[in-house]
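This report refers to the structure that appears directly beneath it.
The values are calculated or read from the model by the stated rules, or taken from the named source; none is laboratory data. All of these numbers come straight from a predicted model, not from anything done at the bench. Neighbour counts are summed over all protein chains in view; Cβ atoms, including those assigned to glycine, are modelled from backbone coordinates with ideal geometry.
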Amino acid sequence: MSGGPLDPPLPHRIASRAGAAGRDVQLQQFVNRATDIRDHARVEALDAAFGSRTEAVRTLAGQIKQHTLDHLDHYVGQFADAATAAGVHVHFAADGPAANEICLAIARRRGCRRCVKSKSMVTEETKLVPALQAAGIEAVETDLGEFIIQLDDDAPSHIVAPMIHKDRRAVGRAFEREIGAPYTEDPAELTAIARAHMRVQYQRADLGVSGANFLVAETGTVVICTNEGNADLSVSGPPVHIAFVGIEKLVPRLQDLPVFLKLLARSATAQPITIYTTMLTGPRRAADHDGPEEMHVILVDNGRTRLLAPDTRELLRCIRCGACLNTCPVYRKVGGGHAYGAVYSGPIGATITPLLAGLENYPDLPHASSLCGACFDACPVRIDLPGQLVRRRREMVETRVTGLLERSLMRAWAWSLRGPRRYRMATRLQRVGLRALGRAGWIRRAPPPLAGWTRERDLPVPARRSFHDWWKKRERGGRP
Amino acid sequence: MSNDTAPSGPGLSRDVFVARIRAQLDASGPPGPPPSDSKLVRRVEDGADLVAEFASRATEAGMAVETVSPATLRAQLASRLDDVKRVTVSMSPGPRRDAVIDVVTTLGIEIIDWRRASGVLAHYDADVGITDVAAAVAETGTLVLSSGEHHSRGAFMVPPRHLAIVPRAAIVADLVDLLAAEPGRPPHERPAATVLVSGPSKTADIEGILITGVHGPGRVEVLVVV
């Protein structure tokens, strides 16, 4: 099953999507504005909250996550014990299909027909909604953005703002076409239409599915952060609640949560805290009058233990705030997440996707970065994303995913940089070669590997003489 | 714990799952305490004027906050429930709950008994959900609502308006205080659901334009009793 924006034929070439996005001026402006506003707001919000302490707070958050990952075997066990004590059924899924199958088995046993689902990136990984539908279970995304994307048979393009690539007209058309609402472009009216539609879904549903932002090992608590309140309504009404959660979501104790709650919302949407922070510790108690009768947590691995290797462990600190997407010049330029051809986009996606799905399947992604370092500066848990991207590039060379031509040229280039005489000779050769290609000061069409450059723009021919030569002559007193 | 280790259908057994993780780690065994620095993370000190801090943060978050005295609480409630037909009440038994019921009944407003109805569905007919709080947080203007025998998960999520009554003593300074360790409280003795509410339901999914009242209440009113 492939072909959706997040599930392309492999190997995926970012250029296959970025090219079209690069020519779509409206999309570019849209994504640029949306990400730019969020990026600036994030910096201001963190500065207002923590001022000169911001760095230290982010470092602490990173250290707590790193500590948890360093002892993840312990914390997974502790969580399972505590959650079980609270009445939760804890399941262990090695991969996406297993996670979906666990969910379907529960749904079958309980005779569930209608599922309301809150936003979850893990269920995007496992492709849960199609799996539910194939099993004859109606599944509705309840997050407004995800709902619109579902109606349009589209895919999310941002971790936090899934329909960052769509405008209000697209929403109006989708509502008119799919749920028979009168066409409007007014965001308030569109939201009211979604509210009314969704309330019926909540009341009819017999299965609630959610993700989670954090799992607290000490208490077995599932923590879900939303602004809309859809997770609360999705998991409080139906008799069965199933949470899909990646194992990297663990934190040791309740008292470790504040630093993450304070950073997550500010980094994602510049809020002090999300409107709803929902902490669930088990199904309804004997004395309760509402809440699910059954609560399940499916702990999902799906490639994460591979990332747990020492060199890449820091990537699992990610709390999915989307700050690195918003600040990334490449993410903005390629029109948002779809170009990455995978569930996770932006700098974090560019580095984890090749690890999860194979470098040979995503050979462009480690290069989908200018290594400017903005993502490192933005990350609330201090993941060295540029450093990780460079490592992916090195692995591509080591495993020969990078082609022979590029490897040979780079080897020659490296050789030429090992001494001043070599360097001068190499640049002279380069200058002569490039000047031969040029006409009237510009190279309009170059052979590979420069063809990619000249396909989109002209390359100026280098000066006749190098700065080095010019300077030497000048020092000798000659005319420059 | 022995029955937990059995595989559940398509899943792995817990032992196998944890062993896969352990294989990637350098050391195993119980870890030392995680890094921690509550002073660094704290934003509001305990000695601050918590009522004022809570009121301004909650107002910034889009809630309508009013400070009332025990003597004016009834009048305030009555003025806010003027045009209301049906309410749900989710409060611990006690004089404050009695006062709310008294005001509501005097105004001829119907009280939906959510304890008898089926789950959160009961609240879909209510115009206002009236609740107390388990706690409140000054730092973020947050209301903390926990489920329980007298507390519904639906009362503060389903009706279009949420009216919360917050006694001064319920307000803690910082999230750090709210989530401070509670040793000896085992998981099954915790509320099944504790929700931190920090404003009316919001979305900015359509072109980043902020709209309130998308799934939860569009209006959150808070009466701080001092």
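Just a few scattered comments:
- The helices (runs of 4 or more DSSP H) falling completely within the range A:1-107 that include 1 or more residues that are more than 12 Å from every other protein chain (Cβ to nearest Cβ) map to A:15-23, A:25-50.
- Only a single item in (1) at negative phi; (2) assigned to a loop (DSSP other than H, G, I, E, B); (3) under 22 Å from the mean Cα position of the chain (by Cα) is not met by A:Leu263, and it is number (2).
- Residue check for B:Glu221: closer than 14 Å to A:Thr277 by Cβ and either in contact with a strand residue (DSSP E or B) (Cβ under 6 Å, 6 or more places away or on another chain) or touching a residue at least 60 places away in the same chain (Cβ under 8 Å) (or both): no
- Single match in A:Arg204, A:Arg168, A:Arg177 (criterion: out of contact with any Cys (no Cβ under 9 Å at 6 or more places or on another chain), surrounded by fewer than 19 Cβ atoms within 10 Å (Cβ to Cβ) and under 24 Å from B:Val195 (Cα atoms)): A:Arg204
- Residues of the range B:140-168 that are more than 10 Å from every other protein chain (Cβ to nearest Cβ) and either among the hydroxyl-bearing types (Ser, Thr, Tyr) or free of Cβ contacts under 8 Å to residues at least 12 places away in the same chain (or both): none at all.
- B:Asp125 being touching a residue at least 40 places away in the same chain (Cβ under 8 Å) and charged (D, E, K, R): no
- Sole residue being over 30 Å from A:Pro366 (Cβ atoms) and outside any strand (DSSP E or B), chosen from A:Val432, A:Val401: A:Val432
- Any hit, the range A:113-120, residues being touching a Gly at 6+ places or on another chain (Cβ under 6 Å) and on the phi < 0 side of the Ramachandran plot: yes
- Checklist (1) touching a helix residue (DSSP H, G or I) at 6+ places or on another chain (Cβ under 6 Å); (2) assigned by TED's automatic domain parsing to the domain that holds A:Thr59; (3) over 23 Å from B:Gly119 (Cβ atoms) applied to A:Ala323, failing item: (2)
Residues are listed down the side, and each one gets a yes or a no for (1) at pLDDT below 90; (2) of a type outside the set (Gly, Ala, Ser):
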position	(1), (2)
A:Cys379	no, yes
A:Gly387	no, no
A:Arg400	yes, yes
A:Gly403	yes, no
A:Trp415	no, yes
A:Arg418	no, yes
A:Arg421	no, yes
A:Leu429	yes, yes
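- Selection from the range A:457-480 of residues that are without any contact (Cβ under 8 Å) to a residue 12 or more places away in the chain and either under 20 Å from A:Gly19 (Cα atoms) or in contact with a Leu (Cβ under 6 Å, 6 or more places away or on another chain) (or both): A:Arg457
- The residue list B:Pro191, B:Pro167 contains one member that is over 21 Å from B:Val128 (Cα atoms) and touching a strand residue (DSSP E or B) at 6+ places or on another chain (Cβ under 6 Å), which is B:Pro191.
- Residue within the range B:23-43 that is acidic (Asp, Glu), surrounded by 14 or more Cβ atoms within 10 Å (Cβ to Cβ) and either within 14 Å of another protein chain (Cβ to nearest Cβ) or under 27 Å from A:Ala82 (Cβ atoms) (or both) present: yes
- Residue match in the range B:119-139 (condition: in a loop (DSSP other than H, G, I, E, B), within 8 Å of chain A (Cβ to nearest Cβ) and within 18 Å of A:Met279 (Cβ to Cβ)): yes
- Any hit, the range A:278-296, residues being β-branched (Val, Ile, Thr), under 30 Å from A:Pro239 (Cβ atoms) and in a loop (DSSP other than H, G, I, E, B): yes
- Considering (1) under 26 Å from the mean Cα position of the chain (by Cα); (2) under 23 Å from B:Met91 (Cβ atoms), the lone condition that A:Arg284 does not fulfil carries the number (1).
- In a residue-by-residue description of the range A:307-317, the property of being among the β-branched types (Val, Ile, Thr) and closer than 19 Å to A:Leu215 by Cα applies to no position.
- The range A:280-313 - residue that is at the interface with another protein chain (Cβ under 7 Å from one of its Cβ atoms) and polar (S, T, N, Q) and, of those, farthest from A:Thr221 (Cα to Cα): A:Thr305
- Just one of the numbered conditions (1) aliphatic (A, V, I, L, M); (2) closer than 22 Å to A:Ala309 by Cα; (3) surrounded by fewer than 24 Cβ atoms within 10 Å (Cβ to Cβ) is not true of A:Val381: (3).
- B:Arg185 meets the conditions (1) crowded, with 20+ Cβ neighbours inside 10 Å; (2) in a loop (DSSP other than H, G, I, E, B); (3) more than 7 Å from chain A (Cβ to nearest Cβ) in every case but one. The failed one is (1).
- Any hit, the range B:169-181, residues being within 9 Å of another protein chain (Cβ to nearest Cβ), surrounded by fewer than 23 Cβ atoms within 10 Å (Cβ to Cβ) and farther than 24 Å from A:Leu257 by Cα: no
- Checked against (1) surrounded by 10 or more Cβ atoms within 10 Å (Cβ to Cβ); (2) assigned to a loop (DSSP other than H, G, I, E, B), A:Arg424 meets all criteria but (2).
- Qualifying residue in the range A:121-133 (condition: touching a residue at least 12 places away in the same chain (Cβ under 8 Å) and assigned to a loop (DSSP other than H, G, I, E, B)): yes
- Search result, residues across the range A:85-114 that are of a type outside the set (D, E, K, R) and touching a helix residue (DSSP H, G or I) at 6+ places or on another chain (Cβ under 6 Å): A:Ala85, A:Ala86, A:Val90, A:His91, A:Phe92, A:Ala93, A:Gly96, A:Ala99, A:Asn100
- Condition check for B:Ile206: without any contact (Cβ under 8 Å) to a residue 12 or more places away in the chain and either over 12 Å from the mean Cα position of the chain (by Cα) or not in a strand (DSSP E or B) (or both): yes
- Tabulated pairs, the range A:5-20, first hydroxyl-bearing (Ser, Thr, Tyr), second part of a loop (DSSP other than H, G, I, E, B), C-beta under 6 angstrom, 6+ apart or interchain: none
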